[in-house]
Structure formats: structure tokens, C-alpha cells
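Some notes on the structure that comes next.
The values are calculated or read from the model by the stated rules, or taken from the named source; none is laboratory data. Keep in mind it's a predicted model, so treat the numbers as computed, not measured. Methodologically, a virtual Cβ is constructed for each residue, glycine included, from the backbone with ideal geometry; neighbour enumeration extends over all protein chains shown. Protein only, heavy atoms only, side chains kept; ligands, DNA and RNA dropped before computing areas. Shrake-Rupley method; radii C 1.70, N 1.55, O 1.52, S 1.80 Å.
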Amino acid sequence: MSQYVEARYALLTLHAAREASPEQAQTLLSNLLTDLGSRQQDRADHRASVIAAIRHLVLILQEHRTPPVFYWETAARAAHLWCEEAAE
């Protein structure tokens, strides 16, 4: 998968997870981490930020808490930056 496709996949999955129930969000994000974690990239700055932000969301969801809006926005912002970088 190309960098851009992975970045768009992460962004779309984040949007879907934010609208889903907490249980569905946890599943979506955990699966996303599995998919993204299976392949290393050379330019890892924005990708690493997205993965870290998603991990934070998953941890909060595993504690049966609703993630604050800030965490969702941070993950989405990182994914947008990754998309922009990958499109260059």
C-alpha cells in the first residue's frame, strides 16, 4: 500500500470510529493499528504521530471511557498531515 493510500485509510477509519459506538470504535482502531503496524516506512514522522494518537484512543476506549474531543482531533490532524506529505 502506498503512503497516500495508508494515510487516507487511517483518516477515513478515524472518521468512522469517531461516529461509531465505543466498542465499534475500539475494534476499528485496533484493526487499523494492526494494519499500519505490519509495514515499516522510511518517512515515519507523520505516520508515527498517527499511530501514537490512535494508540492513545484505543487505550482510553479499553478503559471504557469516552475519549475527549482533543484526542480525536489530534489523531485526525496527524492523519491529514500524513496525507499531505504522502501526496507530495
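Below, the figures for the structure above:
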item: Pairs where the first residue, in region 63-79, is over 9 Å from LEU11 (Cα atoms) and the second is among the basic types (Lys, Arg) and in a helix (DSSP H, G or I), C-beta under 6 Å, 6+ apart; result: TRP72/ARG18
item: Among residues of region 1-26, those that are open to solvent by 80 Å² or more (accessible area, probe 1.4 Å) and either in a helix (DSSP H, G or I) or at pLDDT 95 or above (or both), counted; result: 8
item: Filter result for GLN40 (at pLDDT below 95, of a type in the set (S, T, N, Q) and within 14 Å of the chain's Cα centre (by Cα)); result: no
item: Boolean, TYR4 is of a type in the set (Phe, Trp, Tyr) and touching a helix residue (DSSP H, G or I) at 6+ places or on another chain (Cβ under 7 Å); result: yes
item: Unmet requirement for ARG47, which otherwise passes all of (1) open to solvent by 40 Å² or more (accessible area, probe 1.4 Å); (2) of a type in the set (Lys, Arg); (3) part of a helix (DSSP H, G or I); result: (1)
item: Residue check for ILE54: at pLDDT 95 or above, over 17 Å from TRP82 (Cβ atoms) and in a helix (DSSP H, G or I); result: no
